Structures are given as structure tokens and as C-alpha cells.
Amino acid sequence: MKADKKLIKEIGGFDTAFADGIYAVPPNPKEPRVKVRALWDYCKQKGVEPKDLSREEIEEFLEY
């Protein structure tokens, strides 16, 4: 029971450390960005999942 209270207190401290509520790591500027919306639309049109795309198809959705 004491461990639960301690955990709740730690979580509360973590939440207050990020006033805007954003818990994200900034992207690496050296890595390509993925055009997610276009990728999703393409996969939906083709009836496939992103994991099933060829390397050439994936390259169409990367922005360097």
C-alpha cells in the first residue's frame, strides 16, 4: 500500500514537470520525415499495410 502511494506521488510530480502536457522527443533533423497521411491514403487505396510495401514504395513517402 505504501508503494502505491509513493508511485502516485511520483507520477504527480512527473505530470507537473511538463506544464503543457507534451511528452515528446524532438525529431532528429538528420533522419527523414514520413509523409504519414499520404502513406495511409496509398495503403488504403492499395488494400495493404505499410509493412507490406516494398522499399521503393516506402521511399515515395520519405522527405529528406
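What nm value, rounded to one decimal, do you get for the distance between residue 42 and residue 59 when each label is placed 7 Å out toward the C-beta?
With each label placed 7 Å out from Cα toward Cβ, I get 1.1 nm.
Could you sort 57, 31, 63 by their accessible area in this structure, using a 1.4 Å probe and putting the largest first?
Descending order: 31, 63, 57.
Angle between the Cα long axis of helix 36-46 and the longest principal axis of the chain, 0 to 90 degrees, nearest 10?
The two axes meet at around 50 degrees.
Taking the Cα centre of the chain as origin and charging only Cβ (+1 Lys, Arg; -1 Asp, Glu), how large is the dipole, in debye to the nearest 20?
Approximately 400 debye in magnitude.
I'd like to know which of 17, 54, 43 lies farthest towards the positive end of the charge dipole of the chain, counting +1 on Cβ of Lys and Arg and -1 on Cβ of Asp and Glu.
Positive-most Cα among the choices belongs to 17.
May I ask you to evaluate 6.51 cos²θ - 1.76 cosθ + 1.60, the Karplus curve with θ = phi - 60°, for each residue of segment 21-26 and list the ³J(HN,Hα) values in order in whole Hz, giving x for glycine and proline?
x, 9, 10, 9, 9, x
What angle, in degrees between 0 and 90 and rounded to the nearest 10, separates the Cα long axis of helix 2-16 from the longest principal axis of the Cα atoms of the chain?
60 degrees
Could you derive backbone 3J(HN,Hα) for segment 56-64 from the dihedral phi with the Karplus parameters 6.51, -1.76 and 1.60 (θ = phi - 60°), listing whole Hz in sequence and x where the residue is Gly or Pro?
5, 5, 4, 4, 4, 10, 9, 10, 9
Excluding same-chain residues fewer than 8 positions from residue 44, which aspartates and glutamates have a Cα within less than 20 Å of its Cα?
Correct list for residue 44: 52, 56, 57, 59, 60.
Label the chain by shape, choosing from rounded, prolate and oblate, from the square roots a ≥ b ≥ c of the eigenvalues of the Cα gyration tensor; if a/c is under 1.5 it is rounded, and otherwise prolate applies when a/b is larger than b/c, oblate when it is not.
prolate
The values are calculated or read from the model by the stated rules, or taken from the named source; none is laboratory data. All values reported here derive from a predicted model rather than from experimental measurement. Quick reminder, even Gly has a Cβ in these numbers, built from the backbone with ideal geometry, and neighbours come from all protein chains shown. Please note that ligands, DNA and RNA were not included when accessible areas were found on the heavy atoms of the full protein model with its side chains. Shrake-Rupley method; radii C 1.70, N 1.55, O 1.52, S 1.80 Å.
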